[in-house]
Amino acid sequence: MKKTSKLLSFMVALITTITMFSTTSFASTAKQLDLSEWKSVTLANDFTEDPLPNWKIDSSGTSVTQTINGRPAALIGNVECSNAKIEGSFSVDPTGDDDYIGFVFGYKDIGHYYLFDWKQKKQVVSDKGTAEQGMSVKLVNTGETIKETDLWSTTSSGKKVKTLYHNGISYQYKTVYNFELNFSGEGSINIVIKQGDKVLDNIAIDDSTYASGKFGFYNFSQDMVTYKGFTTEILRPVLKANGGDSKVDLTWNAITDATSYTIKRSMTAGGPYETISTDVTGTTYTDTNVTNGTNYYYMVTATAAGREGGNSNEASAAPEASQTPPTTEAKLKVVLEVSEALRLSVDNDLNVNTQMSWSSSDPTVATVNEKGIVTALAPGNTIITVKSADGSYTDYINVLVVENADDYRLAIDLKIGETARLTVDDFTNTANVTWAPMDSSIANVTSKGKVTALNKGLVLVSAKDADGNIIGRVYVRVRE
């Protein structure tokens, strides 16, 4: 393994957590979706000459046909979708058009959702852009106004719409397509499109921007599209394990209609597993029959209607004796909002992360997985610890979880034109220090550590030694 830097650095990223599930089916049955109370939402309104959609729901509430060639719109469901599988079918009657059909999920509002869209043929429209033939999965994530061109173009639309996946497969008229959406809420998205028994595509995407949200059908400039027979069911528990001092804390998501949970443990990855507790009614469990420094592997099953469901993912942790972080490390904290995720790293090579042992001092506040990905769960403070396998390297970072993280960034506060002085110690060792702001348009720093505020914003200033190693960081907030 490469020599690891003694500085624990971090990067905000789109988190790519992959959860593997057992192939055993869960005991609960799929529930038919009742479309009768679903609401139509227009997703872009800049082309007012385009007509509004017309969703015709049948009397049973299980099928809907969109009959208008008009604006981009969605028929949105009335329940949250997370850790769920949704299945159904759609088809297009021939009308001479070849535009977008699909669905949205993780829907928060018209600026925040995932979009699966499907275009029959490539089309270039002068005032909208190029729509490529095929299926796409897009991330809509913006506080700005969404325009039709943002949703029409297959390529990413600036910071508003990001294309996560695209293929070149076309759909045909009068053909029933079956689809399955598995939305774990843990960063794992799987979409399977079939024509009969033939799998047209099995799409796997890792993105945790949205952990939950509503599901709905999507149309853009395509009429006579029918969606029918949609069902939903909860996936298996998603398990997390965190080692403490002579204990391992387990947490998992609640499963609808489950009356109890069973905890299983193994000393080796992949099993064999033995049951260590049954009839657990909550979604947490602490295993105290453990030895510090030993790896343990866990699975959880849910019981509903007297039947035990399939295994959760396998989660592992090693309990370790408590260590008090150095007081100098406790002065600054990383601030996260509830449900926000952050990647920590100990080296430029992210594979080094998996060679380390990660733990959270309070997993009810935030958890950390084997890849160094921290997930904020509830307001509070926790300490994330990383250790090398041989114990030669240990480091800490403090995490503060709040309701509105953007309001909390401990920083030097300056008005435009004001200055401040930075140093790494008592001014005796500044000759070999290089100062570097991440955005010099907000503030610049001289070789002697003098900061000058230039434009409104928040910037992270780093101090580097003669070898280019970062030895200190501080935020600078500039106000008008």
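Only one of the listed residues (Thr130, Thr175) is farther than 28 Å from Lys39 by Cβ, among the β-branched types (Val, Ile, Thr) and without any contact (Cβ under 8 Å) to a residue 60 or more places away in the chain. That residue is Thr130. Picking from residues in the stretch 1-30 that are surrounded by 15 or more Cβ atoms within 10 Å (Cβ to Cβ) and not in a loop (DSSP other than H, G, I, E, B), the one that is modelled with the highest pLDDT is Ser9. Checking the structure you have, find out if any residue of the stretch 269-285 is touching a Ser or Thr at 6+ places or on another chain (Cβ under 9 Å) and within 19 Å of Glu87 (Cα to Cα). No, the stretch 269-285 contains no residue that is touching a Ser or Thr at 6+ places or on another chain (Cβ under 9 Å) and within 19 Å of Glu87 (Cα to Cα). If you go through the stretch 363-374 and keep only what is touching an Asp or Glu at 6+ places or on another chain (Cβ under 8 Å) and in a strand (DSSP E or B), you end up with nothing.
Of the candidates Thr303, Thr262, Thr286, Thr278, the single residue that is in a strand (DSSP E or B), without any contact (Cβ under 8 Å) to a residue 24 or more places away in the chain and among the β-branched types (Val, Ile, Thr) is Thr278.
Any chance the stretch 469-480 includes a residue that's acidic (Asp, Glu) and either over 28 Å from Val346 (Cβ atoms) or at pLDDT below 75 (or both)? The answer is yes; a qualifying residue exists. Just to verify a result, which residue in the stretch 370-388, among those that are surrounded by fewer than 22 Cβ atoms within 10 Å (Cβ to Cβ) and within 20 Å of the chain's Cα centre (by Cα), is nearest to Ser212 (Cα to Cα)? Once the filter is applied, the top-ranked residue is Leu377. Output the residues belonging to the stretch 36-75 that are in a strand (DSSP E or B), under 18 Å from Val104 (Cβ atoms) and not hydroxyl-bearing (Ser, Thr, Tyr). Residues satisfying the conditions are Lys39, Val41, Trp55, Ile57, Val64, Gln66, Ala73, Ala74, Leu75. Candidates Gly229, Gly243, Gly216: the one that is in the same structural domain as Thr262 (by the TED database) and out of contact with any His (no Cβ under 8 Å at 6 or more places or on another chain) is Gly243. Just one of the listed residues (Leu344, Leu332) is under 30 Å from Tyr475 (Cβ atoms), within 26 Å of the chain's Cα centre (by Cα), assigned to a strand (DSSP E or B) and at pLDDT below 90, namely Leu344. For Ala315, the conditions (1) at pLDDT below 80; (2) aliphatic (A, V, I, L, M); (3) touching a Lys or Arg at 6+ places or on another chain (Cβ under 6 Å) are fulfilled apart from (1). Of all residues in the stretch 357-377, those satisfying the criterion of being of a type in the set (A, V, I, L, M, F, W, C), touching a Gly at 6+ places or on another chain (Cβ under 9 Å) and closer than 24 Å to Asp390 by Cα are Trp358, Ile373. Taken over the stretch 142-155, the criterion of being surrounded by fewer than 18 Cβ atoms within 10 Å (Cβ to Cβ), over 18 Å from Asp99 (Cα atoms) and touching a strand residue (DSSP E or B) at 6+ places or on another chain (Cβ under 8 Å) is satisfied by Thr142 alone. Within the stretch 406-444, the set of residues being among the aromatic types (Phe, Trp, Tyr) and either exposed (fewer than 12 other Cβ atoms within 10 Å of the Cβ) or modelled with pLDDT of 75 or more (or both) comprises Phe427, Trp435. When the stretch 165-214 is limited to residues that are part of a strand (DSSP E or B) and of a type in the set (Ser, Thr, Tyr), the one that is surrounded by the most Cβ atoms within 10 Å (Cβ to Cβ) turns out to be Ser188. Take the conditions (1) in contact with an Asp or Glu (Cβ under 8 Å, 6 or more places away or on another chain); (2) at pLDDT below 80; Glu320 misses just one of them, which is (2).
The values are calculated or read from the model by the stated rules, or taken from the named source; none is laboratory data. What you are looking at is a predicted structure, and each value in this text was computed from that prediction instead of being measured. Cβ atoms come from the backbone with ideal geometry, glycine included; neighbour counts cover every protein chain shown.
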